[in-house]
1. Take residues that are at pLDDT 95 or above and surrounded by fewer than 16 Cβ atoms within 10 Å (Cβ to Cβ) and tell me which of the helices (runs of 4 or more DSSP H) falling wholly in the range 31-125 contain 3 or more.
2. Which residues, counting only those in the range 208-233, are part of a loop (DSSP other than H, G, I, E, B), polar (S, T, N, Q) and crowded, with 19+ Cβ neighbours inside 10 Å?
3. Could you list, in sequence order, all residues of the range 82-120 that are touching a residue at least 12 places away in the same chain (Cβ under 8 Å), out of contact with any Leu (no Cβ under 7 Å at 6 or more places or on another chain) and more than 28 Å from residue 210 (Cα to Cα)?
4. Checking the conditions here, which among 173, 133 is surrounded by 14 or more Cβ atoms within 10 Å (Cβ to Cβ) and either modelled with pLDDT of 90 or more or on the phi < 0 side of the Ramachandran plot (or both)?
5. Within the range 174-202, restricting attention to residues that are touching a residue at least 40 places away in the same chain (Cβ under 8 Å) and assigned to a loop (DSSP other than H, G, I, E, B), which residue is farthest from the chain's Cα centre (by Cα)?
6. Let me confirm something: among 148, 192, which residue is out of contact with any Gly (no Cβ under 6 Å at 6 or more places or on another chain) and either at pLDDT 75 or above or surrounded by fewer than 13 Cβ atoms within 10 Å (Cβ to Cβ) (or both)?
7. Yes or no: residue 185 surrounded by 13 or more Cβ atoms within 10 Å (Cβ to Cβ), at pLDDT 85 or above and not assigned by TED's automatic domain parsing to the domain that holds residue 54?
8. Residue 167 is checked against (1) of a type in the set (A, V, I, L, M, F, W, C); (2) modelled with pLDDT of 75 or more; (3) not in a helix (DSSP H, G or I) and fails just one. What number does that condition carry?
Amino acid sequence: MNERDENSLAEQIVEQNQRVDRDPVSPEKIDTKDEIIQLEKNHYALEYIQRWYSNPDVNEREKALSPITSSNHHVEVINNQFAKRMLLAFMQEESSAGLQLFRDISPYTIDEELALLIHDTDFIQIHKSIKELIHDSKDVIASDVDQRLSYPNGQIAWNDRYQFNGAESKRSLNNIESTGISVEVGAESVERIKAAHQASEGTHLPITEILKNDKIVGINGFTDSKVSHVIHDAIDHV
């Protein structure tokens, strides 16, 4: 890099810093109402997809026979990465466009391959059911988001105040830099972890993906934390 390039880079950095000072990042710009509503719609859609594939109302024998007796295969776990690709298809306005995206998905695990083996008619029906569910739930979704955003006691409003109040916590960057992230697992959770290890055999799923919503770890003194928060603290706070 020559002297002219260095001077140009320095000028860009100064200009960027001045822009940040004039227009500081605020919680409102990070989490808009429309974005949160869309996240809730995605959540409703994913819950429906999970129920459809997991067949919760049938027994284990019926689940094992599902490829023969029904048009869909039983899929116990749909991980976040695969769910994102599925949602992109199921959330399309037109089912034909969604079906094309769905057929273009490449599976990486046996469960993903099984999930993609549904008939076109099944995809169209799921797509229709999701649209109806979101339409029928739109008032509930909007009300829930308003409540979570409401000041001062809404969960999102509270989180924003906590995040930006400048106070030091056990999960602050300073503490993590000096002490690291301490993770503890109680003896009562050992069997659950063993079961997750067995469930992960033959797949590319890490155990943390299977256990992500289980509140079985302590993180820097915060007990009953989700396993997903171990990764969250390492990435978001460091």
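1. Where helices (runs of 4 or more DSSP H) fall fully within the range 31-125 and carry at least 3 residues being at pLDDT 95 or above and surrounded by fewer than 16 Cβ atoms within 10 Å (Cβ to Cβ), they are 95-103.
2. 220
3. Scanning the range 82-120 gives a single hit, 95.
4. Residue meeting the stated conditions: 133.
5. 202
6. Only one candidate passes the filter, namely 192.
7. yes
8. Evaluating residue 167 over (1) of a type in the set (A, V, I, L, M, F, W, C); (2) modelled with pLDDT of 75 or more; (3) not in a helix (DSSP H, G or I) leaves (2) as the failure.
The values are calculated or read from the model by the stated rules, or taken from the named source; none is laboratory data. Predicted model only: the values in this text are computed from it and were never measured. Cβ atoms come from the backbone with ideal geometry, glycine included; neighbour counts cover every protein chain shown.
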